[in-house]
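The values are calculated or read from the model by the stated rules, or taken from the named source; none is laboratory data. Please read all numbers here as calculations on a predicted model, not as lab measurements. Backbone-built Cβ (ideal geometry, glycine too); neighbour counts: all protein chains shown. Ligands, DNA and RNA are stripped out before the accessible areas are found, and what is left, the full protein with its side chains, is counted by its heavy atoms. Shrake-Rupley method; radii C 1.70, N 1.55, O 1.52, S 1.80 Å.
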Amino acid sequence: MSRFIVSLFLSLVVGLTFAGPQDNSLVIGASQEPVLLGDLLDVVGTQAIASEVELWIYDGLYHINLDAELEPNFVTEVATVENGRMVITDIGDGDSRVELNLTLRDDIVWSDGHPITTDDIAFAFEITQTPGMPLRSPDYYSRMNVEVFDAQNFRVTLEPAQSSDLVQSPIDLLPAHVMAEAWAAAVGAASALDPDTDAARISEIYQGFMTDFGSSSAINEGRTVYSGPFVPVRWTPGSALQLRRNPLYFNHPENVADYVQTVEYRFITDTNALLFSIVTGAVDVTSSVSITFDQALSPQVTARAADRYDIWFVPSATWEHLEVNQHSNVRQVADLQLDDVRTRRAIIHAIDRQAMVEALFDGLQPVSHANVSPFDPMYNPDVRQYAYDPEQSEQLLSELGWTRAGDGILQRTTADGRTVRFELEFVTTAGNAVRERQQQFIAEDLRQIGIDVRINNAPSSVVFAPDFFDRGFDGSWTGMFMFAWVSSQASSLNQAGYLCRNAPTPANNYSGQNLAGACVEAYDELRDLAVVELDLDAARPLYQEMQAIFAEELIAIPLLFRSNPVIVTQGVVNYVASTFNGGYGYPPARPELVGWAQNGAAVTFDQAAYALAFE
Amino acid sequence: MFSYILRRLAQMLPLLFFASVAIFALVALQPGDPLDELRMSNPLMTSEQSAQLRRAYGLDQPIYVRYFKWLGRAVTGDLGRSRTYGLPAGEFIFEQRLPRTLILTVTSLTIALLIAIPVGIFSAVRQYSAGDYAITFLSFVGLSTPNFFLGIILMYLFVIWLPETFGIRSLPVGGIPNLMLSDLQSGQVTLGEFVGQWARHLVLPVFTLASGSIAAWTRFMRASMLEVLNQDYVRTARSKGLTERKVLYKHALRNGLIPIVTLVGLSMPALFNGALITETIFSYPGMGRAIFDALIHKDFNVAMAALVFIAILVVFFNLVADVMYAVVDPRIRYD
């Protein structure tokens, strides 16, 4: 009894964990918990935190480095035309077939010591080709074929190929020697069902198969194996996930003992509670899914930063913008001439975007001028830029026939003799405080030039529902709609979002992402050429010209690219992220190199080269 | 009585059927569907792919077809898989979330009762004393302080201010300890460490959750005791020469507790619902958060499993309450 009381007292007063350089460990605070790990083909879902954790425990064929360049990882070299491993064949109609001939290294093993071979690639490919598999990117896999020649050599074919196919690992690996038996059982169970009437049941079987190897209980029972520099050893749902170094990983640094040996993801879902954890030092670094931008700049965090931790803002490819309804059949659009680029130019000239980012974000989320991130290799820095110039706005609106009424609001007489006021509907996601503050800022600027803004916000479940989001053609929203597109380097090469043919209308059963109905034919023509140009250097001018058109025609009104706050305790080295490292820019770029300087870990990467610091 | 219980159980079935229809309809009729978030994060998704996923999730079928498919499987014990978590919905709700919610809510209820009853009695017995005024004041403060405010204030006090000012170790900001029962069974931690870690994590959310109940039940207890203390039989007991202690605890308290027992009984289903606000502030993975997240992310199977379970509890505890009335009050008979 006395032992119980003593240990109870000690654990109440002292606690059980000591983090940091003392035991060469790292505690990462995250506001989200993965649902499961190892769903590398996205059968169950996509989740930012799961992708980030998977960087520690899985490796791929290629690695996307901090400068968004491909490096060989499990393969001996990246396939290029120059080294003869990439073969491009013209298949007519402007399309090409790409063959990537790759060779696996011979020194790579799973965490149980079993060699990583082409069996693991063929196994993953077989899963992607299974009818009824609820993949998130079925289009990509439908264009893929894999041929295996021996344990190391294989070929991935993409037909028709797209430029976006060439900036990522062609396929992920799954451990066939561990999963094949359960896979056969899942296929057997699914084949007994009718694909027409039991599609949902079939997809549940396949999702169950993935879950059985990636859930917390599966991981705690050691049901599967890993290929990355760390392996999970314990996952307490709702609390923490612990990782330790994988001794069989092929690419540990020399003097590996100098680098962190154990990592703990601590899941604190309320961001205020997570903020408290940061300021008390309970976590060493933050995940990319962590406190909000505002919270990172809050006095509670910044006042305690000196000599304790650095606050970084890593630019992301998440693009905040204003869609302007350009469906000319909508009466309000026609009345306000939103389908005329001069109106959109008047709007953008009226918004002091620089003042907005200074006032709301301390300038740490820079103004954007088109829809491609400045850190994207295809970025065009020379597009038309619209300075804050309300006089220019008023002049443009005057040319369009608008005059101020007695109450200061613009009005004009339409061709059919009606007098209309410039009342502009402005929609965004209710409850997103940061976005609502931007909205107030923009609305106030527009009022200054005589535009009466009518705010019409609703929860994201309402505004992103198909009967609202996709129905701009029917006037579900009639003015401006502020939200963000999330993209990776690969998706930004696709650029299908603003094609004329992708405007949701009754003719295409309201499909497509071009919800505002913007249409510039020259943009479409360039995009269709760029997406099949597999020489990325040759494609660059096409993408850059698209951005020039985007800005010139104001297909949408660019606001800013978001930045992800990352807090790093001083002494932690190589916990570094960039816009596109690893695909989506989750930290760290190279988990095996994360360590504490005081324990001898060498600095390889400098976050200052890829992010802005709070001063 | 037995036939009454059977009759009530038979009535429960259609009641639960209609409750499940209503819950399913409310969940299914929310704007949007689970693919909206997916579509927003994947601008490349074509309408064909979207349609294929809708089919894979069964969202292409009419609501009534989806309901009867769900019902057909639910009656066999198959509650489907969580669309968000990939796990079987039953496992997620009943094995992961429910036990944790019960740890939080039962601890909170117990502490609330342990504090509210003696303080209420004290307040009644010492009516209009300084202590009574202080307790009344604190009760009203407790009643009028919302949980979300109290939680954040407590967090600031015990996680930042006290540790920074006095150098004491801060309490955890929330969540649950990184401990599993298997750690205790395997001897990796002692019972003391296990309980201590849980206590450190629970102290703030439990007090936040209990504060409202302590305040309310203290007031109820005080009012109930005052009413009883003015009854003739208490005066009779005193006039018989019984000690004040016997009068209070043998004659007054047993009757004074009856309204409290009713209140506690009514709050039993709430023990299983979780406490959304407290769970959110303290990042506590309980039922409240599970239900809220399931509704927000349109995770039908989890929402249905949790909400129908709560509907069953409500109906069941109503039956238990009716039966208990007959047990405790001989004047009530169900024939």
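Structure notes:
- Selection count, the stretch B:103-118, where residues are within 14 Å of another protein chain (Cβ to nearest Cβ) and open to solvent by 40 Å² or more (accessible area, probe 1.4 Å): 1
- For the stretch B:138-160, the count of residues that are under 24 Å from residue A:303 (Cα atoms), of a type outside the set (A, V, I, L, M, F, W, C) and within 8 Å of chain A (Cβ to nearest Cβ) is at least one.
- Complete set of residues in the stretch B:291-310 that are within 11 Å of another protein chain (Cβ to nearest Cβ) and either over 17 Å from the mean Cα position of the chain (by Cα) or open to solvent by less than 10 Å² (accessible area, probe 1.4 Å) (or both): B:295, B:296, B:297, B:298, B:299, B:300, B:301
- Only one of the numbered conditions (1) within 13 Å of chain B (Cβ to nearest Cβ); (2) modelled with pLDDT of 90 or more is not met by residue A:32, and that is (2).
- Among the numbered conditions (1) more than 9 Å from chain B (Cβ to nearest Cβ); (2) modelled with pLDDT under 90; (3) surrounded by 20 or more Cβ atoms within 10 Å (Cβ to Cβ), the only one that residue A:507 does not meet is (3).
- Applying the set (1) assigned to a loop (DSSP other than H, G, I, E, B); (2) surrounded by 15 or more Cβ atoms within 10 Å (Cβ to Cβ) to residue A:151 leaves exactly one unmet item: (2).
- Inter-residue pairs, beta-carbon under 6 Å, first closer than 17 Å to residue A:344 by Cα and in the stretch A:400-421, second among the β-branched types (Val, Ile, Thr) and open to solvent by less than 30 Å² (accessible area, probe 1.4 Å), 6+ apart: A:421/A:409
- Considering only residues in the stretch B:178-203 that are assigned to a helix (DSSP H, G or I), hydrophobic (A, V, I, L, M, F, W, C) and facing chain A (nearest Cβ under 7 Å), the one that is farthest from residue B:97 (Cα to Cα) turns out to be B:191.
- Selection count, the stretch B:270-290, where residues are more than 14 Å from chain A (Cβ to nearest Cβ) and open to solvent by less than 20 Å² (accessible area, probe 1.4 Å): 1
- Taken over the stretch B:201-247, the residue count meeting the criterion of being surrounded by fewer than 22 Cβ atoms within 10 Å (Cβ to Cβ) and over 30 Å from residue A:239 (Cβ atoms) is 26.
- A single entry from A:539, A:516 fulfils the requirement of being within 14 Å of chain B (Cβ to nearest Cβ), small (Gly, Ala, Ser), crowded, with 20+ Cβ neighbours inside 10 Å and in contact with a helix residue (DSSP H, G or I) (Cβ under 7 Å, 6 or more places away or on another chain): A:516.
- Close contacts from the stretch A:598-610, counting a first residue that is touching a residue at least 24 places away in the same chain (Cβ under 8 Å) and under 12 Å from residue A:66 (Cβ atoms) and a second that is outside any helix (DSSP H, G or I) and of a type in the set (Val, Ile, Thr), with Cβ to Cβ under 6 Å and a gap of 6+ residues or different chains, come to A:605/A:576; A:607/A:576.
- A Cβ distance below 6 Å, combined with a sequence gap of six or more or placement on separate chains, defines the contacts here; from the stretch A:273-286, residues that are more than 9 Å from chain B (Cβ to nearest Cβ) and open to solvent by 10 Å² or more (accessible area, probe 1.4 Å) reach residues that are part of a strand (DSSP E or B) and hydroxyl-bearing (Ser, Thr, Tyr) in the pairs A:284/A:569.
- Scan of the stretch B:161-177 for residues that are outside any helix (DSSP H, G or I) and at pLDDT 85 or above, ordered by number: B:171, B:172, B:176, B:177
- Residue match in the stretch A:192-206 (condition: β-branched (Val, Ile, Thr), touching a helix residue (DSSP H, G or I) at 6+ places or on another chain (Cβ under 7 Å) and surrounded by fewer than 23 Cβ atoms within 10 Å (Cβ to Cβ)): yes
- Which listed residue, of B:138, B:143, B:79, is aliphatic (A, V, I, L, M) and out of contact with any helix residue (DSSP H, G or I) (no Cβ under 6 Å at 6 or more places or on another chain): B:138
- Residue within the stretch B:122-140 that is under 27 Å from residue B:101 (Cβ atoms), of a type outside the set (A, V, I, L, M) and open to solvent by 30 Å² or more (accessible area, probe 1.4 Å) present: no
- Residue in the stretch A:546-553 that is modelled with pLDDT of 95 or more, under 26 Å from residue A:381 (Cα atoms), surrounded by 21 or more Cβ atoms within 10 Å (Cβ to Cβ) and touching a Ser or Thr at 6+ places or on another chain (Cβ under 6 Å) present: no
- Residues that are of a type in the set (D, E, K, R), in a loop (DSSP other than H, G, I, E, B) and without any contact (Cβ under 8 Å) to a residue 60 or more places away in the chain occur at least once in the stretch A:455-478.
- Against the list (1) within 14 Å of another protein chain (Cβ to nearest Cβ); (2) in contact (Cβ under 8 Å) with a residue 40 or more places away in the chain; (3) open to solvent by 20 Å² or more (accessible area, probe 1.4 Å), the condition residue A:211 fails is (3).
- Within the stretch A:430-453, being buried (at least 18 other Cβ atoms within 10 Å of the Cβ) and of a type in the set (Val, Ile, Thr) holds for A:442, A:449, A:451, A:453.
- Some residue of the stretch B:223-230 being more than 13 Å from chain A (Cβ to nearest Cβ) and within 30 Å of residue A:240 (Cβ to Cβ): no
- Residues that are within 21 Å of the chain's Cα centre (by Cα), modelled with pLDDT of 90 or more and under 25 Å from residue B:316 (Cβ atoms) occur at least once in the stretch B:187-209.
- Hits in the stretch A:248-269 - residues which are within 9 Å of chain B (Cβ to nearest Cβ) and open to solvent by 30 Å² or more (accessible area, probe 1.4 Å): A:266, A:269
- Tally, over the stretch A:191-208, of residues that are of a type in the set (A, V, I, L, M, F, W, C) and touching a residue at least 60 places away in the same chain (Cβ under 8 Å): 2
- From the options A:244, A:234, residue that is in contact with a Phe, Trp or Tyr (Cβ under 7 Å, 6 or more places away or on another chain) and of a type in the set (Lys, Arg): A:244
- Residue tally, condition among the aliphatic types (A, V, I, L, M), out of contact with any Leu (no Cβ under 8 Å at 6 or more places or on another chain) and farther than 22 Å from residue A:393 by Cβ, over the stretch A:426-450: 2
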